[in-house]
Amino acid sequence: MARLPHAGHYFTRYIDGLLLCGILLLMATGLITLFSATDANSARVTSQAINMLVALGVMWLVANIPLEHIMRIALPLYAAGLFLLLCVALFGEVNNGARRWLNLGVTRIQPSELMKIAVPLMMAWYFDKHETTLRLRDYGVATLLLLAPVLLILRQPDLGTALLIASSGFYVLFFSGLSWRIMAAVAIAGGASLPLLWSMLHDYQRKRIMTLLDPAQDALGAGYHTIQSTIAIGSGGVLGKGWQQGTQTHLAFLPERSTDFIFAVFSEEFGLLGNLLLLLLYLALIARGMVIAANASTQFTRLIAASITLTFFTYIFVNMGMVIGILPVVGVPLPLISYGGTSMVTMLLGFGILMSIQTHPKLVKT
């Protein structure tokens, strides 16, 4: 008599075990660090745990969506996101000089978060549709699909989100086979246009870049974040000061210690050894994502898997770079560690797509 499959099998059949283990380990690390960063604020930790559960639920739902359905939502999702960005530009709420939120009455949404997934999905869908007749014109169209939301988000202004979306689109262009000569020409043109781009930046953005070169010129203002975070990281040494023993953190010198600068908290308390272990966890997730991309059966799945994985890498690089003082402060969270629900859901939605690519029957071109 044949045995009936265990109920748990249906729940986990589209979940990639290696990705899930890495995600859960990083989430646990995030909760431990957040507990210390918030001075044992159990309510804040509980709130983040709920954010994580919601994000894991979204990941599970997306992982169970067949690949052909994911392809079908690419165009409507992008169109809806672009429409919402236009609504933000016209009717969005202004907070601290930035227009990023759209009030729907029952709730507020930040449409730029949606575009972190919608843009690479749309570009991958477009390249998949034109795979057999790919020409230079198609790269131009794809670039316009990328520039439209990026420019709208820069206008809000939200440099950090615009940077992440631009990088996700660039990865799609790169893996679709864009010529090195074209990329070199664009890089040269970009370098030549730096004076123009500088004039287009807001005053606070220019100040952040100048402060990066010399934080001490405004040690109690724009340079404060960088100075305090580098002190925290350096004081951690090799083994760290111990959990909940970080002086920069608990004497309230370190700003935004539960969100953008939580890596400084982790570094001070767990030291260089803890940082190496954290980087290994991140590297394992990135490697698994690239393996999924390499094994993908179609242009669409290959491009979207590579873009999601390398955008995750960009989150890590930009956050750690700004905390250690080699990049300007742009407000990018440390993936799966920083406090926050929106970015957590967005990232795990991406991982859900990766799991769907890995576990569902492979798409075959017809």
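What to note about this one:
- The range 113-146, subset buried (at least 20 other Cβ atoms within 10 Å of the Cβ) and of a type in the set (V, I, T), residue farthest from H69 (Cα to Cα): V119
- Test set (1) touching a residue at least 24 places away in the same chain (Cβ under 8 Å); (2) of a type outside the set (F, W, Y); (3) crowded, with 22+ Cβ neighbours inside 10 Å - S235 fails condition number: (3)
- Once the range 167-186 is narrowed to residues that are surrounded by 15 or more Cβ atoms within 10 Å (Cβ to Cβ) and not in a helix (DSSP H, G or I), the residue that is modelled with the lowest pLDDT is L178.
- Only residues that are over 30 Å from L146 (Cβ atoms) and of a type in the set (S, T, Y) were counted in the range 256-308, giving 2.
- The set of residues from the range 96-107 being at pLDDT 75 or above and either among the basic types (K, R) or loosely packed, with under 10 Cβ neighbours inside 10 Å (or both) comprises R99, R100.
- Every residue from the range 55-97 that is among the small types (G, A, S) and either outside any helix (DSSP H, G or I) or within 22 Å of the chain's Cα centre (by Cα) (or both): A55, G57, A63, A74, A79, A80, G81, G92, G97
- Subset tally (residues that are crowded, with 22+ Cβ neighbours inside 10 Å and either on the phi > 0 side of the Ramachandran plot or assigned to a helix (DSSP H, G or I) (or both)) for the range 319-339: 4
- The range 72-95, subset modelled with pLDDT under 90 and either among the aliphatic types (A, V, I, L, M) or buried (at least 20 other Cβ atoms within 10 Å of the Cβ) (or both), residue farthest from I304 (Cα to Cα): V94
- Applying a threshold of 6 Å to beta carbon distances and a minimum spacing of six or more residues, or different chains, the list of pairs starting in the range 121-134 at a residue that is closer than 15 Å to L178 by Cβ and ending at one that is of a type in the set (D, E) reads H130/D138.
- Comparison of A287, A264, A294 shows that the only residue that is touching a Leu at 6+ places or on another chain (Cβ under 8 Å) and either over 27 Å from F175 (Cα atoms) or not assigned by TED's automatic domain parsing to the domain that holds M115 (or both) is A264.
The values are calculated or read from the model by the stated rules, or taken from the named source; none is laboratory data. The model shown is predicted, which means the values in this text are computed figures rather than measured ones. Every residue, glycine as well, gets a Cβ built from its backbone with ideal geometry; the counts of neighbours run over all protein chains shown.
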